Structures are given as C-alpha cells and as structure tokens.
1. Yes or no: residue 95 touching a residue at least 60 places away in the same chain (Cβ under 8 Å) and either touching a strand residue (DSSP E or B) at 6+ places or on another chain (Cβ under 9 Å) or within 26 Å of residue 392 (Cα to Cα) (or both)?
2. Select the helices (runs of 4 or more DSSP H) contained entirely in the stretch 264-369, then report the ones holding at least 1 residues which are modelled with pLDDT under 85 and over 26 Å from residue 78 (Cβ atoms).
3. Being surrounded by fewer than 16 Cβ atoms within 10 Å (Cβ to Cβ), over 29 Å from residue 224 (Cβ atoms) and free of Cβ contacts under 8 Å to residues at least 60 places away in the same chain: is that true of residue 128 here?
4. Please give the helices (runs of 4 or more DSSP H) falling wholly within the stretch 31-137 in which 2 or more residues are within 30 Å of residue 448 (Cα to Cα) and modelled with pLDDT of 95 or more.
5. Among the residues of the stretch 1-21, are any closer than 30 Å to residue 440 by Cα, buried (at least 23 other Cβ atoms within 10 Å of the Cβ) and either at pLDDT 90 or above or touching a helix residue (DSSP H, G or I) at 6+ places or on another chain (Cβ under 6 Å) (or both)?
6. State all residues of the stretch 228-246 that are touching a strand residue (DSSP E or B) at 6+ places or on another chain (Cβ under 7 Å) and part of a loop (DSSP other than H, G, I, E, B); if no residue qualifies, say none.
7. Being more than 18 Å from residue 65 (Cα to Cα), out of contact with any helix residue (DSSP H, G or I) (no Cβ under 8 Å at 6 or more places or on another chain) and at pLDDT 95 or above is the filter here, so list the residues in the stretch 440-476 that pass it.
8. For a quick check of your reading of the model, give me the residue pairs whose first member lies in the stretch 448-459 and is at positive phi, whose second is modelled with pLDDT of 95 or more and outside any helix (DSSP H, G or I), with beta-carbon atoms closer than 7 Å and at least 6 apart or on different chains.
C-alpha cells in the first residue's frame, strides 16, 4: 500500500443499537435528499425538456427517481449496518477509490450552475430578471446565506435539515397551488401518456441529453451518496455509535472515528437490523420516491401547461422567470410571485445541500484515507472544504459570466459527469454490501435485481454516451 494512505482499521464488533423512537421523531435524512432532488433537475432541466419536446419522455423522469430509490436503499443498508460512510466501504475494496471519488465529486459539482441559477431566481423574485446586479453578485448573496446556515448553529446537520424541510414544504405547497390554478384535462392526459410511453426518445434528442435527464431525475451523481452522512448524524442504526458533525466555529469538537463497526449474527441483532431496515425503506419511499416523483411531475406539468403550448423554450437564466411571467398573465401577480418563490426555495435548497454534501464527502475521504489527516478534526476539514467550495463557486461564476458561458451548461455538465460516477458506484455498492455484511443483512433478491438493473442502465448509457461523443468527434 502506498505510504500516502492511512491504514484502515478492521471493523470493531459491537451490539447494533436498538431503535427506541417512533419514525416521525427521527425522520429527516430522506427529506434532505428530497431537497437535493427537487433542484436543478426538477425545476430547470426537466421543465426545459417538456417545453421543447412535450410530454413524450416523462417516463424517463419517473424511471430515474425509481432507480435511485433502490440505490439509496443500499447506501442506507451499509450505514445502518456499519456506521461507516459508503466512501470508507469503497476504500475497503480498493484504496484507489479514495482519490477517484474526490475527483468524481469535484468534476461533477465544481461548476456551480445550481448556485448561479439560485441567484438568478432570487434576483427575478426581488427585482425581475433585468434588475440590478450581475449573476456573480446574486450568486455571492446566495452563497452567503448558505454559509450562515452551515456555520451559525452548533450542529451542522440540524440547521441543514430544518432549512431544507421548510424549503421543501414551500415548494410542494406552491406547486400544488400553481397546478390547481392552471390545470386542464388535456395537460393531465399528456402527462399520463408520457408516463406510459416507456422507451420513447424524441429523434431530435441525443443519447447524451437523455442520459443527463435520467441522472437528474432524483438526486443524481454522487448526491445519492450524501444519504450516508444524514443517517449517521441522525443516529440511525450503527450511526448512533458515532458523534454528529459539529461546527468548529462554535467551540470544542469531538473526535470522530475514521472506521466503523459490525455486529455479531445473533437473533437480537437480526431483529434490530430488520427494524432499522424498515425505517430506511419508509424514509426513502415516503420522502424520496413519493414526494420527489410528485414534485418532478408538478414541475413538468407547469411547463406543459404554460410553456409548451406557446412554443416557448426559455433562454439561459430565464426558465423560472418565463414560467412565472406567463403564470402571472394567467393567474395575476400572485401566481407569478408564488412560482418565483417556489423557484428560489427549490434552487437554494439544492445549493445548501450540495455545499454541505460535497464538503462532507471530500473531508470524510481525506480524513479516513490519507496519512496525517487525522491530526486535524473531521469538522476542521469540513470547514476548510466548505470555505474553499463557496469562494471557488463565486470565482468560477464570475469567470464563466465573463466568458458568456450559461448556467445551463454548468448544470448539464454536472449531470453528465454524475452519470459516469453512478455507472461506477451503483454496482460497487451492491458488491460492497454482499462482501462485508452479515448474511441476514445482505441485499435480498428484489434489491439485488433492481441494483443490477440500475447498474445496467447507468453503465449502458455511459458507454452509449462515449460512443456518441466519439462519433461527434469523428463527424466533426
């Protein structure tokens, strides 16, 4: 093993903690993942597809969310059984996965299209799209809001959970009000027809574009892996054996073990694992799958009802505002403001959860894997990465604005790179759970089949996209 790596300790054998609180008192991890999911994919990419192509490919949105449900199950399985992050599990298979996943996280999320779109939505809500201030100025405003939420309270998780839950509530209620106001039977029929039109791809859409759309229906990219941190900080399963991530700016922090635990295959541990596994399934089905499917279909419905009939395909930076403007014509100023508020809540929730998740991911990988990293607390690494990410996001937005590169280019790049990450980690997660977990905690037949199916989908699209890129290069 190269000297740069810190040796990984074996699992410590301990009793699996017992679930003592009812579901609704420990609900929350799935809600943060919804906050990520209803971001740029739902409010920008899929409405853009609906505006341009109509409702014929809505099946891909529903499929994307459904496949990610099973991925999240398996991420949750690992964390409730071991208390480790999935990144540590990957490193147990091969140490080279540590730098690889740092690279995948950076490449996937470094271009802050989500932050820039969040700033544009806030600007449209406050001043209109032609109001004072550049994209960079408004991006800095939203990043400042993120920094206050992350580094104000003592426990990072608590502030993120409460903020995202509020934003998700605003989005859901706002979308329902909009749909009630503009809904028609024809639009509902188009939505339904698109859901059952499985396998159809518009001839004008490339396989690369469809891959991007599939990935960003749901959390997408490495964002699904953030679930591992939220379960730990909520003390779910074996995560209760580890302290939550504390704000280093608010005083003393607690030393966090780099590796996790396993339990003996006793009848009591089997019963406890089953109870925790039911929690993960309920958390993901209610929050991630049901709520995420509802919100993505409502966003698409809005585009089908408002933009597509008029042949409007919004320009960069104007999708949220164009929909809101037409809603204002149909429903008055209240409709316009409600949709702009929905847009701001959606995109800011994603911006907040992404800065938190990316900072957790990179700091966890560094802290666990590299020699000398544990001389500093995990929370110190988190603060450092989050600070670099926020400042870097502002600088990159300024540079891209000067070069006239749109935020849509940022978003499509994030989804495209994220799709290749999923082609790697989906089969890897299934293999990890089979290799290390006790027999009764291993994935059962249905979970295995769905993970193999998801692996085939993401790997197939990744290979097809590479072939498409090569053909474009040769043809060009």
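1. Working: touching a residue at least 60 places away in the same chain (Cβ under 8 Å): yes; either touching a strand residue (DSSP E or B) at 6+ places or on another chain (Cβ under 9 Å) or within 26 Å of residue 392 (Cα to Cα) (or both): yes.
Taking the combined requirement at face value, the residue satisfies it.
2. 292-306, 319-331, 333-369
3. Values: surrounded by fewer than 16 Cβ atoms within 10 Å (Cβ to Cβ): yes; over 29 Å from residue 224 (Cβ atoms): yes; free of Cβ contacts under 8 Å to residues at least 60 places away in the same chain: no.
It is false that residue 128 is surrounded by fewer than 16 Cβ atoms within 10 Å (Cβ to Cβ), over 29 Å from residue 224 (Cβ atoms) and free of Cβ contacts under 8 Å to residues at least 60 places away in the same chain.
4. 58-82, 86-93, 97-109
5. Checking the stretch 1-21: at least one residue is closer than 30 Å to residue 440 by Cα, buried (at least 23 other Cβ atoms within 10 Å of the Cβ) and either at pLDDT 90 or above or touching a helix residue (DSSP H, G or I) at 6+ places or on another chain (Cβ under 6 Å) (or both).
6. 244
7. 444, 445 - these are the residues of the stretch 440-476 that are more than 18 Å from residue 65 (Cα to Cα), out of contact with any helix residue (DSSP H, G or I) (no Cβ under 8 Å at 6 or more places or on another chain) and at pLDDT 95 or above.
8. none
The values are calculated or read from the model by the stated rules, or taken from the named source; none is laboratory data. What you see is a predicted model; the values in this text were computed from it and never measured. So basically every Cβ, Gly included, is an ideal-geometry build from the backbone, and we count neighbours across all protein chains shown.
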